[in-house]
Amino acid sequence: MNNINFIKTIPPHRHYEIRRWFTVTIMLSSLLIIGIVYVQTMQILRLNEACAAFKKSQNDAQTYTEILNQKNELTKECEILKKKILKAECLTNQQCNLENLLMHVKEICTSSVHLESLQIHKKNVELVAVGPDVQAAFHVADKLNKITYINNVKIISLQHTQDALRFSLTCAITS
Amino acid sequence: MRFMPSIKNEIVNVSFSPQTIVCSWIKYRSASQPYHINAYQRFQLKNLELEKQIIFNPTHITRLITSFLKKYHLHNAFALFSVTGTGIFEEIITCTEASPTQQHFNIPALKKMVWDYVYLYPLDQARYTFYICGIPQELLLQYLLLANALPVNILTVTTQHMALLNLYRKLHSSSFNHSQLGVDIAKHHNNLHDYFTPKLIEPMFSSDVAINLEQELLFLSTALGLFIMRDTRYE
């Protein structure tokens, strides 16, 4: 025999099922929300950390660029200095340097020949000395001619003084 | 508005009959004496609060039922309503169809009602008897509004006769048959409530409250029938 019920209602066990479903849904939703919030918070924190690290690395990169530029400038300066040093060394090591020239001139000028003046220009040298005779002048000219970095030796003047002969010589310097 | 409605796993029966409201709280106990009446109270309505089953004074009726619920701490229990009276359409009808549909019952009075039918017993010459009952929609709405005003979860709104039919079936349990029901109903001139006697009902229940069974027989039978209707153990 069927029952007559004028209304359609949810049976009691459905009430309990709905309650259970509702409770479980709320709990799960809450857990899900908490989980999402936690994960999102962690992600935001990580993102902040990454941002901070990136900013720091950006600063470091700027510093690095500055240092690199400085280094390049210094390198360029260093290269210029090295070139200068090389040039100086080259000049120092050249046979035609001033010291060598003076040494050679000193060697040439013996006891009979007295050096009066020595004018060293860029490419040529003018020498004025006093010797006993013409032979001495030629002797000096020969000796100068024998020096490797000196050529084109010319006696440009001979002048008798009281008991000596003043002569002047010019020569070219080759590097 | 409640966020999540509370539930109390108790069943409260409320019977509305002319000038009377009966509230009872019944629980299942054991197979030998299956029902235990925890609470039972009859309210007499003398000032036309309930006339032709129309609730004229819902405040008073709500107060009466709420006082019962409050007294026995039955807030948010499940409620079963049974209604009887002139405002309700009830009829025993003979039909030639064994399994008729609602279209087979062409009763004009039912057109504006919420109604249903139930098979009772067979007759000779391939005729079948059905119990048809209907309630006007506005009246049903009144009872639903009343239930809404009460702290209960309404489960059923039915007629007293339907509750008694259930009690009859429970009384006969395994030996129940429709032909015997027909005989018994015919014997009591279609008044099934005359079938139940104190002797028949008494073994079915125990009670905490003192009940004058002679006086309360009809209401008690209705209450038991209502409870049986929702008691799953019955099936």
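Every number here is computed from the coordinates shown, using simple stated rules; none is lab data. Please read all numbers here as calculations on a predicted model, not as lab measurements. Glycine also receives a Cβ, built like all others from the backbone with ideal geometry; neighbour counts cover every protein chain displayed.
General remarks:
- Per the conditions (1) of a type outside the set (S, T, Y); (2) surrounded by 14 or more Cβ atoms within 10 Å (Cβ to Cβ); (3) farther than 18 Å from B:L120 by Cβ; (4) touching a residue at least 24 places away in the same chain (Cβ under 8 Å), the sole criterion not satisfied by B:P203 is (2).
- Restricting attention to the stretch B:96-137 and to residues that are of a type in the set (D, E, K, R) and without any contact (Cβ under 8 Å) to a residue 12 or more places away in the chain, the residue that is nearest to the other protein chains (Cβ to nearest Cβ) turns out to be B:K111.
- Test: residue in the stretch A:83-95 that is of a type outside the set (G, A, S) and under 30 Å from A:A136 (Cα atoms): yes
- Residues of the stretch A:1-49 that are within 30 Å of B:S99 (Cβ to Cβ) and more than 14 Å from chain B (Cβ to nearest Cβ): none at all.
- The condition (being aromatic (F, W, Y) and closer than 30 Å to B:H75 by Cα) is satisfied by just one residue among B:Y119, B:Y143, B:Y128: B:Y143.
- Applying a threshold of 6 Å to beta carbon distances and a minimum spacing of six or more residues, or different chains, the list of pairs starting in the stretch A:1-25 at a residue that is closer than 27 Å to B:L181 by Cβ and ending at one that is hydroxyl-bearing (S, T, Y) reads A:I4/B:T158; A:N5/B:T156; A:N5/B:T158.
- Here the stretch B:149-178 is the region considered, the condition is being surrounded by fewer than 16 Cβ atoms within 10 Å (Cβ to Cβ) and among the hydrophobic types (A, V, I, L, M, F, W, C), and the residue that is farthest from the other protein chains (Cβ to nearest Cβ) is B:A149.
- The listed residue being away from chain A (no Cβ under 12 Å) and in a helix (DSSP H, G or I), out of B:L146, B:L181: B:L146
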